[in-house]
Structures are given as C-alpha cells and as structure tokens.
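The values are calculated or read from the model by the stated rules, or taken from the named source; none is laboratory data. Here the structure is a predicted model, which is why all the values come from computation and not from measurement. Cβ sites come from the backbone with ideal geometry, for glycine too, and all protein chains shown count toward neighbours. To get the accessible areas, we keep the full protein, side chains included, count just its heavy atoms, and leave off ligands, DNA and RNA. Shrake-Rupley method; radii C 1.70, N 1.55, O 1.52, S 1.80 Å.
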Amino acid sequence: MKRCYEEGHSLWRDARRRLARNRAAMGSLLLLLLVAGACFLLPLSPWVANPNEANLDNIAAACSWEHPFGTDQLGRDLLARVLYGGRISLLVGLVATLVATLVGLVYGLISGYAGGRTDALMMRTVDVLFALPFIVLVVVFSLSIEEPSRELTEYLVAATGWSRESVAPLTGLLPLFVAIGALGWLTLARMVRTQTLELKGQEFVLAARSLGLSHAAILFRHIAPNLLGTVVVYTTLAVPGMMLTESTLSFIGLGVRPPNSSWGTLIKEGADRMEVSPELLIFPALFFCITLLALNFLGDGLRDAIDPRSAKD
Amino acid sequence: MAGLLLRRLGQGVLVIAVLQTLTFFLVRQLPGNPFLGERKLPEHIMAQLNALYGLDQSVWVQYANYWKGILLHGDFGPSLVQEGVQVSEIIAQAFPVSLLLGVLGMLIAVLVGIPAGMLAAWWRNRWPDALLMLAAMAGICIPAFVLAPVFGLTLGQWVPGLSVAGWDDALCAVLPALTLGLVNAAYLARLTRGGMVEVLGSDFIRTARAKGCSAPRLLFVHALRSGLLPAVSYLGPAFAGLITGSFVVETCFQVPGMGLHFVNATTTRDYFLLQGLVLCYGVLIVLANAAVDVVLMWLNPRLRTAQ
Amino acid sequence: MRGVMWRSPAWLVLLAAAWLTAGCGDGRSSVQRAADQGILVLGNNQEPMSLDPHKATAVADGKIIACLLEGLVRPDAAVDGAVHPGMAERWEHNEAADEWVFHLREAQWSDGHPVRAEDFVYAYHRLLHPQFGGKYAEMLYPLKNAAAFNRGELPWEAVGVQARDARTLVLRLESPMPQLPQLLLHYTWSPVPAHVVESLGGMLDRRSLWTKLPHQVGNGAYVLESHRFNEALTVRANPRYWRAGELRNRGVRFLPIVNGYTETRMFWDGKLHITNNVPPELLAAARRRAPQAYCQDAYYCSIFYRLNTRRPPLDDVRVRRALSLAIDRRELVERVVRGAGSPSFAFTPPGAGYAGVVLPEAAQTQEQRVAEARRLLSEAGYPGGKGFPSPEIMTTSRDVQRLMAETIQSMWQQVLGVHAEIRACEWTAYKAAQQSGDYDISSSSWSGDFLDPATFVELWRSSGGNNCTGWGSTECDAALAEAAAAADAGVRRAALQRAEELMLRAQPIIPLYGSERTYLKDPAVQGWFPLLLDNHPLDAVQVGGRG
C-alpha cells in the first residue's frame, strides 16, 4: 500500500524535481527570496534611510520619492522601518519554524510511537506546558537569561568589533527565542502524535517491523514522511502567530527593543492609528501577508513534492 | 473505554497538581509584589500587608497553606489587588461571559472553517481552493488586534442593533464572537483541507471512487473521519483557549471576560487570582484534550487499538 | 457533523430575528436612554480596586468613593480649591492653625444611623492602625503623632484626633496647616460607618464586606446599586443624603474601560456621556469631528524623567543638565503628545496660588539651550558625546511613554551625540525597578492628591519614599521643614518655592511637561467644569433635559 522503500536520497531527489515543476511554489520561493533579500540587503544601500531617525517636522507624511511608504508617527521613514523590521520578523519566523518542526515532530513521533506510559507522560507534560501562563513563563525566562544575553552582547562586541547598537537588537531577541523554543512546538507535537498513533498500526509499518528494521529507521524513514503534510500545514499556521506574539512581548520589554521595529510591532502600532493614518498599518501588513502567503504556497508545494503518496501522480 | 477515561482523569488530576505547583513558584519569581502601588509604600506598611496575607512566610509554608485552603475549605484565596473580593467570585462572574463567547466563537469557527476546508480539498488546486485558502491565510495573518477594531468601526457602526463595544444589550456578543470565530475558522479551514487532501489521495478513497461512490457520500462517509484528525486535535486546546477569554477581544469590545483578568492578574502580581485562573484553564485543557482523544478514537478506530 | 450543519440555517434565522427586534426596538443610543432615567454614564479607566477609603489607591477608586462617602468638606463643581461645608457645618482653628474644631451637621448614614464624630475617629484609627496596613495612611500623617502610631511606636490615645461629643470633632496637627481643608477633600479623610464595619468583621478585617452589596452603607450623595467586575458599577441617589433634594441626576454608571480607542469609539456610538481619555493619535480627529464635545483641561499632574543620581554618568550634575537642556519640550508636546500638555522646566504645575519656579533656561531659545547643553557635556568630559556610556531609559509599555522615550533618545543622539537604550517594562516590574532605584532614567509622572504645591515639592525630601533618585540636599530638606512649620501661607509658599528651585538646579529629574486631560463630553451634559484635580462632584452634573 505505501511505497517508500526506495533509498532516502532518491526520495529527496524526486521531491526536488517535483518541486521545481510546481509553478506556484517556485514563484513563492522567488518572492520569499526577494523579500528576504530586500530586508537584509537593501538597508545596506544608501537609498534606505535610517529607520530610527525621528524627524518631528515630517510626521505621518504621505508617500513621496524621498519616503516611498511615507513616514510614521515620529517622522521616521516607514520603508526603512518595514525593511529593518522584516529582518527581526523573518528571523523569528525562521527560528519558530525550525523549533516547531524539529522539536514538535520528534517529540510527537516518539510519544505516538512509544505509546503506553511513555506516551501518557509525554502528552501530559505537553498539557502542563500548554496551560502555564505564557507571559509569566516568558518574563521568568527572560530574567534568568538577561545576564547571559548581556554577556553575549559584550562578547560579540569585543570579538567582532561591531557596534553595540547593531548587536544589541539581536541578542535582545534571545529570551524570545528561548520562549518560542520552549512553547512553540506544543500543538504540533499533539498533532504529530495522533497521526503517528494512526500510522503505526498500518500495514506498511508492520511490514517494516517484520523486516527487522530498527525503531529509528521505522520512525524517521517510514512514518515521518507521511507526517510532512501535517507539519507543513501546521507550520504555515503557527509562524504568523509567533511573529505576532513577538509584538505582544516587545510591549512588555521582551523581544525587539524600541526604537527598533518588527512587522509585529509595526502592525500593532498601525492598528492603533488605523482611523487616522491607515498606511501605517497597510504597508507592514502587506509585507507580512505577502511573505506568509508565499510561505504557505511554498509549504503546500513542498508537501506535495515530498508526500510519498503523490509520487505516482 | 471507561477504564481509559478513568485513567485519563487520574492523569488529569496529576497534570493539574503539577501545573498549580509550577505556577505557584513561577509567579513568585516575577519582580515586584501585589502591593506595589504607583507610590512607594513605607516599609512598615508593606510588611504589615505581607503579614496579613501570609506572604511573609517561607514559600513552602505558603504553598502548603494554599493547598490546605483548597482541599479543606474549597477556598481559592482572596484577590490580593481587589482586596475583599474572593478569587472564586471573580471567576464566577467572568467565566459565564467567556463561556458564552467561546461557544459562539467555536460554533462560527466550526460552521465556517470545516466546510470551507472540505470544499477546498474537494476542488484541490482549482480556483475555489485558491480562493478559500487565500481567505484562510488572510484570516490567519490578520491578528485579532486589527480585526476587532475593524469590525467595531465598520459592522459596529453600520449595522443597526450592533454596537461598537460594551456588554449591555442582547447583541453585544455578536462582534466579539465573530472576531474569535473567524480567526479560528481560518485555522480550521487550513487544517481540514490538509487532512482531507491527505485522505482523498489515499488508496481506499480511490477504490471507493472507482466503485462509483457518490461525491457527498465519499466526502462525508469515507473521507471525513480521518480527514478531520488534524482539525480535531487543534480544536481541543483552541476551545479551552477560547473559553478562557482573549485579552485583545475583551479590551476592544469591552467584554467582562476572563482574558482581561488573566493579563491584569499577571501584571499586578495578583498571585491567588492568577493561580485560580490557571487552575480553571488547566482543567479545561485537560478536559478538552481528553475529549479530543475520545472523539479521535471515535473518528478513527485504528487509534483505539494503538492506544 | 451533518446534524450540526443542518442546524446552521436555523441559527442564522434566529440571529436575524433577534437582530431585527433589537434593531427596531428604538433608534436611540444608550446614553439617551440613560439620560431619560437621569443616569450619567462615565468612562472610569479601570476596574476599581476597592471602594473602601482605607484600601483604595487608584484614581478610579477615588471617583466612586467620592460618590458614596462625604468627608468634612466637599469640593466645588466649578472653582478649583473652593471648599464647601460637607459633614461639617462649620469649623474654626486656633491662631497657629494646628488645632481645628469641626462642628458636624445632623446627617444620616444610608441605613438611617446618625453620622457621629466617632465615625471619623474610627475611620482615622482604622486607616492608621499598625495592624491594618493602610496603603494611604501617610495621607493622615499631618495629625499629631499619627506617623508614630502607624509605625506602632505610640498608642492610639496619643494621636491628635478626638470626638469631643457626638457632633464635634477636634483635629490636632503636627504642625500649622492653613491649607488643611484642601487636604480634607481627599477620600482618606472620609468617615466610615463604625457600626457597620464592626458588625462585619471589625476594624482590622481587610477582607470586610462593608463596601460591597448588600452591605454597603455610606453618607454620600449616592449608594451602591450594582457592580459587575470589568463591566459596570452603578450608584443611585441616596434618599438619606442631607442634600438629597439638590442632586441633579438620579445615578451614575461607571464603565471601567481600559482601552482609550475602545472608549472613544463607544462615545461616538452613543454609549458614554463623558470619556476618561482620548489617545493622542485620535486628538486631532476628535477635535475636528466634534469640537463641542472635545475637552482639554489642565490637570494637576507633571510628566518628568527621574535620573538615578547614584549611577555614573548621571551622578554629574553637568551631565544631567545637558540631558535636560537638549530636549526640545515644545516639539515633544506638540508632535508626540499632540498638544495634550504644556512644556515645562519646573516640576510643580501652576495652580493653588503657587507662582512656581522660573529657571533662566525657560526664557532661552532652544538653540541657546542646545549650545549650553553641548558645553556642559564637554565640560563633564564627553565632548560630542564621545565616551559616553549609554544609559537606559526605562518606560512602561504604554504607547505614549514609549514614543516619548524614542523621541528623546533621538534628540539626545542628534544634539549631543549621546546614545541611550530604551527598556520598556511590564507595569509591576517598572514600579519595582523604580522604587528600588534599579534604573538609570525612569519615565515618570506625578499627580497631586490635593490642591497644594506641597503635594509635589515634598517628594524631594532626601528621605522621601517617592524620591527614588538618590538625590537629597540638606538645604532643600531645611526649606521643606521651614514650609511645614510656617503658619503663614505666604511664608510657606516662599519656602516651598525655594526648595523646588534647589531641587531643579541640582536636576535629579528632567521636567518635561504639565499633563492635560483630553476627553470627550456629550454637549447635553451640564454642570461639569474643568477642575485641576479632576474631582468633579458628580451630583452637580445634569444629563438630558431634567434634573
């Protein structure tokens, strides 16, 4: 019934070929690269203004050649803020995706596959973590890693010679990453576990087992590929949530530090001003939505490409 | 089945106990205490207050007392910020409100999200699919703190009978429930589509289709059962989250639910209130997840043997 | 699944039906309906923490307590600082103004018991009791030996309050206080119904139910009618109030609306008579949309930055002055706060006949100030900001505070070449850090409890709990002591002014602006006038056509 007995790498090679044929996915990939390139490279060019330089004589200005997206409530160039904010948000998105996928997938797989007591213990742990008040956890985390992250800043400043202003925004994100790492994978772990439970009773797993394959081989070669659909769908769902969580946290002093921006904080600030200057909301939201939409199509394409069942389509 | 449920119940009690313990010690790690005011209290008054509520004792004694209060007297303690008000009193007022909103929101989410996901899967990679998934992604990308004021400013002002905010008339629940519902509907639609696509591509559906099975029968009878697995797994915790309230939706629509208490109790260090709210949430999570597992087993008999 | 789907049209039909009945009921807004019942609907910022005058500390609490309890005196509806007889019919004081005798009128609690002088004595005893933990006990410290009793050093009998008979209350003070009636307007000086408090757990029971339904008893213009957390608190006219006939409405509903955007939207939708606050971004639009509803009143509140003078480089007065002078306050107020304030170089806002301190820089142009700031900074050893360690500006998570910090950070960078970090803190963490002195620069505000400059200047006593800057000077302390001992109002003001000037010249704070309250008021509301303390007697407010 299942055909995934081929060698691992051939599965991936097939997948790559199928992905390259998927026009929507490739377009999305291009778009994502474009957005990421714009966020990381464009600010290095002289055309993008300093995102943190206030100009109180030019508050909430309309779009112009000098300020393509206009200016914000302190007269700062909105384009620059969106681009710089993109760096933070893309980074958060990347970390969130990696953590959710790796931790959630492995945890769920093991829990579902092991079953019995182990499963119960692992899933009840998830329940506990799920119900813990998120803000409390994050604040406590950030307090305990405040010192290490400060030391890291100092170390980076000393080791690389970068200015403190350019290092601090990144090391300041450390508590946030820890928080995402700690809690971002819970829902996915539950979903993966349910599906693993279902899959492990199926014939192909029994067959693999009777062939004498090791548990690890069964788990990662035979069960995991069947779960990629769920993982991809869930990840594209969870990433926007995490990016927005970042904005909530930066308002209590965690995450990105003012005056630096992220898409989340820009959208939050824009939402407060939507009645008076909607463009403050529209531009960052546009970038945010386009990126996530592209991510979504890419994810779907990836899933179709990897899914062993679509192999014969 | 009954044995399984009983075992889950036992585990649930354990989960709650661990949760309460962790919360108890975590919140005391937060800087500050519940009596900090905008103005600094003289030290002797701070000491008096700590003594009055037993916060001057060691954490372990406080911990023991907390459990003693609950187990012996059913007393969840006083609010340390709204002094003279019991935690149980606050939750008793806020919970029904959040429950109403949560149930309405979930109803909207399920009625919109699951059919949308099914339709998208049925017409996979054709225009209805693209359209529906575009809408779903929009729903996921547009956060509640944008959606809620937009609803307030548009529907709230234009539609007769609806109000922009407030909890004072028959229809005041409509907009907050709609906001909560649509955000979750988007998630459900994506998950349902994902699950259904998986199932519709599988061999037994091909077989059924080849045998000339009608489309609705195929969708509802054969595919839905396993196609709903991801959506149902999501539903449990989401439902628990919904009925414990949402800070954003509550402050935007001036709803007296649990979400505002949750945030306030945290930022003001109202230890006992936060503890009570976490307890409430924890019980719901445990129940919801247990319910989800039961529903999953009903949907998919294979899980029963696997357990 | 199919069953649920079947039910969906039925649910929609039900919804539509409910919609129509509600929508067609009457086309009037909820404020109009409330006005017909004579109810004033008021935005009150947050859920009150307590209605007990001995436990309350929030502004939102004070507004409700003022409805439920009446002190010896009551405020005027229109004139700042004017005091009317309340529970006291008349009063006199000795020449030194440190012994006051109040003659109470014949008045009743809302349960019919007479209001006696003992109720005042009982109330003060309770708030000051060493075992009660009254957060605002300091408000009563002007009473002789009150502080010592509160700390458990002296017995109650030593405290300067006495009921000479059922209707005569004698207050003996630590020092002369010609301004006492201003202080008495604060709710901490209200009486409490001793018989009710005693019957519900006694004096020291902090969890007492006496301010909750159905037990609540008061002597104010209103009694509690209903209260649901985070939803609404309603008070209705108290028929036993001594001025019951003069009330111009039948009740007040307080809505604890935290979110200023929500509150403003609710006002436009006809859900409130008076809002609490319009967020800065909405000010211009609100002014345009309804100039007759828009209100902007001076407020007895000062916005400033505390500087931690214990930490370098802020331990150098030249650095502190440079940082202060480099801030363009006019720009800050106009562009960031959107005009809801008045730029200031002094700490105490104008009012209460206090001339205030005028520093030379107030008359300079910004260019002159900037030049002076640069000179001071290089004198301190940081020419052009070189080598300046980046201090951290601590703010709460509030939007305005964050924007202000970002602006000031940018101004310092542009003018002085000095870099500052910003740390946005969650509310309690912010308070904890400020009060324990664990900050560099703290975005702060201070609002007066009563209409007198002492409520501001006293802050800078070197031992003052709210000083928090680590700064103190013996001269300033001496000037404050002289003010406290002065029986003559003129001498007192001069001493306070001297103390404030000493403080400002040492610059442990950066004064920024005097805050102004911006809110919306239904034009049909009458009897509401701008008041510096925002302590409007709500019984004088009339809604709709009748009183």
Task: Residue that is of a type in the set (Asp, Glu) and either at pLDDT 95 or above or buried (at least 24 other Cβ atoms within 10 Å of the Cβ) (or both), where the choices are C:334, C:263, C:246 - done: C:263
Open item on the list: If residue C:261 meets every condition in (1) without any contact (Cβ under 8 Å) to a residue 40 or more places away in the chain; (2) part of a strand (DSSP E or B) apart from one, which number is that one?
Closed with: (2)
Task: Checklist (1) open to solvent by less than 20 Å² (accessible area, probe 1.4 Å); (2) more than 27 Å from residue C:279 (Cβ to Cβ) applied to residue A:14, failing item - done: (1)
TODO: Determine if segment B:167-185 includes at least one residue that is over 18 Å from residue B:255 (Cα atoms), within 12 Å of chain C (Cβ to nearest Cβ), crowded, with 24+ Cβ neighbours inside 10 Å and touching a residue at least 24 places away in the same chain (Cβ under 8 Å).
DONE: no
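Do any helices (runs of 4 or more DSSP H) entirely within segment A:119-183 hold 2 or more residues that are open to solvent by 30 Å² or more (accessible area, probe 1.4 Å), more than 9 Å from every other protein chain (Cβ to nearest Cβ) and out of contact with any Pro (no Cβ under 6 Å at 6 or more places or on another chain), and if so, which? Break it down into steps so the answer makes sense when it comes.
Working: elements: A:134-144, A:146-160, A:164-171, A:174-183.
Ranges flagged: A:146-160, A:164-171, A:174-183.
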Open item on the list: With the structure loaded, tell me whether residue B:99 is open to solvent by 50 Å² or more (accessible area, probe 1.4 Å), on the phi < 0 side of the Ramachandran plot and within 14 Å of chain A (Cβ to nearest Cβ) or whether it fails that test.
Closed with: no
Open item on the list: Considering only residues that are within 14 Å of chain A (Cβ to nearest Cβ) and either touching a Ser or Thr at 6+ places or on another chain (Cβ under 9 Å) or assigned to a helix (DSSP H, G or I) (or both), which ones fall in segment C:334-351?
Closed with: C:334, C:335, C:336, C:337, C:338, C:339
Open item on the list: Considering only segment B:11-34, I want to know if a residue exists there that is facing chain C (nearest Cβ under 8 Å) and over 28 Å from the mean Cα position of the chain (by Cα).
Closed with: yes
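How about segment B:72-91: which of its residues are more than 11 Å from chain C (Cβ to nearest Cβ), outside any loop (DSSP other than H, G, I, E, B) and surrounded by fewer than 23 Cβ atoms within 10 Å (Cβ to Cβ)? If you could, list the steps in order and put the result at the bottom.
Quick first cut of segment B:72-91, residues more than 11 Å from chain C (Cβ to nearest Cβ) only: B:72-76, B:87-88.
Within this subset, residues satisfying the condition of being outside any loop (DSSP other than H, G, I, E, B) are B:72-73, B:87-88.
Across segment B:72-91, the qualifying residues are B:72, B:73, B:88.
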Task: Boolean, residue A:247 is open to solvent by 20 Å² or more (accessible area, probe 1.4 Å), among the hydroxyl-bearing types (Ser, Thr, Tyr) and either at pLDDT 80 or above or under 30 Å from residue C:425 (Cβ atoms) (or both) - done: no
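Any residue at all in segment C:437-453 that's in a helix (DSSP H, G or I), touching a residue at least 24 places away in the same chain (Cβ under 8 Å), at negative phi and not basic (Lys, Arg)? Working first, answer last.
Pass one, segment C:437-453, residues in a helix (DSSP H, G or I): none.
No: zero hits.
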- [ ] Please work out which one of (1) in contact with a Leu (Cβ under 6 Å, 6 or more places away or on another chain); (2) among the small types (Gly, Ala, Ser); (3) closer than 27 Å to residue C:270 by Cα is the condition residue C:499 fails and give its number.
- [x] (3)
Open item on the list: For residue C:380, only one of the following conditions fails: (1) surrounded by fewer than 22 Cβ atoms within 10 Å (Cβ to Cβ); (2) aliphatic (A, V, I, L, M); (3) within 14 Å of chain B (Cβ to nearest Cβ). What is its number?
Closed with: (3)
Task: Residue list for segment C:97-116, filter: within 30 Å of the chain's Cα centre (by Cα) and small (Gly, Ala, Ser) - done: C:97, C:107, C:110
TODO: Say whether the condition of being more than 26 Å from residue C:445 (Cβ to Cβ), assigned to a loop (DSSP other than H, G, I, E, B) and in contact (Cβ under 8 Å) with a residue 40 or more places away in the chain is met by at least one residue in segment C:358-380.
DONE: yes
TODO: Of the conditions (1) of a type outside the set (Asp, Glu); (2) under 30 Å from residue B:196 (Cβ atoms); (3) without any contact (Cβ under 8 Å) to a residue 12 or more places away in the chain, residue A:159 clears all except one; give me its number.
DONE: (2)
TODO: Among the numbered conditions (1) under 30 Å from residue C:33 (Cα atoms); (2) surrounded by fewer than 20 Cβ atoms within 10 Å (Cβ to Cβ); (3) in contact with a Pro (Cβ under 7 Å, 6 or more places away or on another chain), tell me where residue C:529 comes up short.
DONE: (3)
- [ ] Within segment A:215-229, identify whether any single residue is out of contact with any helix residue (DSSP H, G or I) (no Cβ under 7 Å at 6 or more places or on another chain), modelled with pLDDT of 80 or more and among the aliphatic types (A, V, I, L, M), and answer yes or no.
- [x] yes
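With B:64, B:94 as the choices, which residue is assigned to a helix (DSSP H, G or I), more than 30 Å from residue B:221 (Cα to Cα) and either within 12 Å of chain C (Cβ to nearest Cβ) or of a type in the set (D, E, K, R) (or both)?
Values: B:64 fails: either within 12 Å of chain C (Cβ to nearest Cβ) or of a type in the set (D, E, K, R) (or both).
None of the other options fit; the residue is B:94.
Residue by residue, here is whether (1) farther than 19 Å from residue C:353 by Cβ; (2) crowded, with 18+ Cβ neighbours inside 10 Å holds:
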| position | (1), (2) |
| --- | --- |
| C:61 | yes, yes |
| C:64 | yes, yes |
| C:70 | yes, yes |
| C:74 | yes, yes |
| C:87 | yes, yes |
| C:90 | yes, no |
| C:97 | no, yes |
